[in-house]
Structure formats: C-alpha cells, structure tokens
1. Which one is farthest from the chain's Cα centre (by Cα), of the residues in the stretch 302-321 that are crowded, with 16+ Cβ neighbours inside 10 Å and assigned to a loop (DSSP other than H, G, I, E, B)?
2. If you check 151, 164, which single one turns out to be surrounded by fewer than 24 Cβ atoms within 10 Å (Cβ to Cβ) and closer than 16 Å to residue 122 by Cα?
3. When you go through 304, 273, 278 one by one, which is the residue that is in the same structural domain as residue 204 (by TED's automatic domain parsing) and free of Cβ contacts under 8 Å to residues at least 24 places away in the same chain?
4. Kindly provide the set of residues from the stretch 104-113 that are under 18 Å from residue 61 (Cα atoms) and not in a loop (DSSP other than H, G, I, E, B), ordered by number.
5. What are the residues in the stretch 222-233 that are within 22 Å of residue 294 (Cα to Cα) and either in a helix (DSSP H, G or I) or in contact with a helix residue (DSSP H, G or I) (Cβ under 8 Å, 6 or more places away or on another chain) (or both), if any?
6. Only one of 255, 326, 251 is touching a helix residue (DSSP H, G or I) at 6+ places or on another chain (Cβ under 6 Å) and in a loop (DSSP other than H, G, I, E, B). Can you tell me which?
7. Kindly evaluate residue 24 against the criterion of being over 23 Å from the mean Cα position of the chain (by Cα), crowded, with 16+ Cβ neighbours inside 10 Å and more than 30 Å from residue 142 (Cα to Cα).
8. Is it the case that residue 197 is within 30 Å of residue 258 (Cβ to Cβ) and in the same structural domain as residue 98 (by TED's automatic domain parsing)?
C-alpha cells in the first residue's frame, strides 16, 4: 500500500513526457505510481497539492555544500527548504585531503542527498571568500594525480568525477595544465570531468577542444570574455563540443551568468543542457540565490516550464549517470519537488549588474525525500 500520495498537482516529468494534473504515489522510499485517483489505504498520508507543480526531485548539478568545513560551503538542508531541491551535486569543494571529512561530517549526516565531484587540487577550494580569494590551482604543487586516484578509489561509491577550475582566477599562471592533469586522472579511473572556466587565459577554445563525451563544461553562458559566442554566432568549438557529447551546464554563481550571453545563445537556438545555481557562500546572497531562482530567469527569458524542469531533473541525472533520479518512473528514488508559479512584476540580475524584468517566478512549496514528506 502507498505511504504517501500527492493528489491533484500539475505533474511534470520530462523523462516520461508527462505534463498533466494527476496524482503521484510513493511506497517503501520509491515512486510507486503516477495516475488519476490513486487509492489511499489506512496508513497512507495524502496531501492535496492542487495548484502546485509537482516534479521529480530537482537536482542542482553545481553547488558548494561542504558547510562548516570550507569558507565557500552553504547548508544543503536549509537550502533545500527554499529551493525545493532534493539532490545537491557538490562541484569540487573537497579535494583528496578533505574528502573523508566531507563524507563523514556532512554528506552522511545530511537529510538531503549530496553527491560530490572531487577537486583535482589536494585541498579543494580552500580560500574563497569576499576578503580572501586564492585559486586552488595557482600552485601546481597542490596537484598530485596518484593521490587523487587513490582517494577516488576509496570513495568510488560516492565520487561522480573530477572537478577542475581553470582561468586566470582559478589557475593563474598554471593556465590549462590543471585541466590536462584532470583529464589524465579521469581517464585512469574512467570518470568524467567537470571543467570551470573563468577569465582567460586559457581560452574557451583551449578548454572545449579537450573535453570528451560526458564531460561537463560549467559556466557555459558566462559573460565576455570567454563567452560561448562571437559576434552574433555561436563559436564553432561550442557547436563541435555539443556534437561530441559535452554537457553544457549554466553554473550561475556570482560570476558566470550573463544576460547578454544568454539572450544571444537562446536566440541562436542553443539551449543549455542543465540549469544549475553554483550556489555558495557569496552567490547565495545574489544574484544566483538558489536553483529555483535560476530556473525562474530562464522561464522569464522564454523557455517553457517543461523544458526548464527537464534541465533540472532528467538532464542532470543523465549527466551524473543516475537514471534512478530525476524521474517518476515506478521503482525510481522517491523524491519530488513542489513549487508554485507566481505571476507578477519581478526583477532579475545577472553577474555583471544587468537587470531585466520578468512576469513569473518559481516559489518552493515542499519536497519529498525517499518517499516521505520532508519540508515542513
């Protein structure tokens, strides 16, 4: 018998091309059924969610949630309440030196799911704040591939892949070398790379031409310089990378979502594969805030709601090779996100101070985690 039924919401599950008012049922921590008038038993909890959107649990592909252990980290459990997010993919906050601490003190104690990429740099992102900012790849002595592989194998049940940050801020005079090293380590263990790119050098071409099928380019719609378009057209290397199977992830953050860039890319028909927040101790104060806020921006820029939901459910699930997430297929993980589409006059901002108006925003109304109503 069902443990929980969400009744009468607008269920959007792009993995099954579902977009209609119906019910979703959970049993034993899994999705049990999607259908009309699902029957409740004597022990079933039912919730009337009429007027709300119900989706598979939202997955934020780029976050920093090593809370309490790093200056960049935020509290995933608190963020889940305001963002209706059930899975937080940590984008390389921890490296080989502190992955065990991240696992034991944060991940295993968290009521929400945290899945990490492990940073190629030994200490991970260790100096990130408003007053201190030192890229973890500026000093190449901090990169030890044998140590990365050893620790990855110790946590192979958890680590999704290798995170590497390159650009003038993250790698300084080291340039592209950290990415080349990350690719070598990734090949050794058979996992993908998530690559960050900030200001040149290196260039977007340098990075994109190295990425393989299944690798993720985060900050894919960053503003000039290293934007993904030149003039009025999408860069050739961007199109070639997509054809090769590289995943394009927004990773909004405090420096990586440009309104002008996004407008150019959407007008050219180049949609991101994944919308993510890159939420951390600075961007949580704006302009990223959280995943729902980032999704709202794309909704107001013309993407339909089903497409926006796809970029935060089944698409990131595919990127991390977790087909049991981001879907309401029976037997999949029993996660759900509930939010309202509010209409009004709202102001949004990109990372260089450009503001734009929107008439919609998504507001968190609850989550289901492992088949249980969790959000108070």
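1. Among those that are crowded, with 16+ Cβ neighbours inside 10 Å and assigned to a loop (DSSP other than H, G, I, E, B), it is 303.
2. Matching residue, one of 151, 164: 151.
3. Result: 304 is the single residue among 304, 273, 278 that is in the same structural domain as residue 204 (by TED's automatic domain parsing) and free of Cβ contacts under 8 Å to residues at least 24 places away in the same chain.
4. Result: 106, 107, 113.
5. Result: 222, 223, 224, 226, 227, 228, 229.
6. 326
7. Values: over 23 Å from the mean Cα position of the chain (by Cα): yes; crowded, with 16+ Cβ neighbours inside 10 Å: yes; more than 30 Å from residue 142 (Cα to Cα): yes.
The answer is yes for residue 24.
8. So residue 197 fits the description; yes.
The values are calculated or read from the model by the stated rules, or taken from the named source; none is laboratory data. The structure displayed is predicted, hence computed values, not measured ones. All Cβ positions, even for glycine, are placed from backbone atoms using ideal geometry, and neighbour counts span all protein chains on display.
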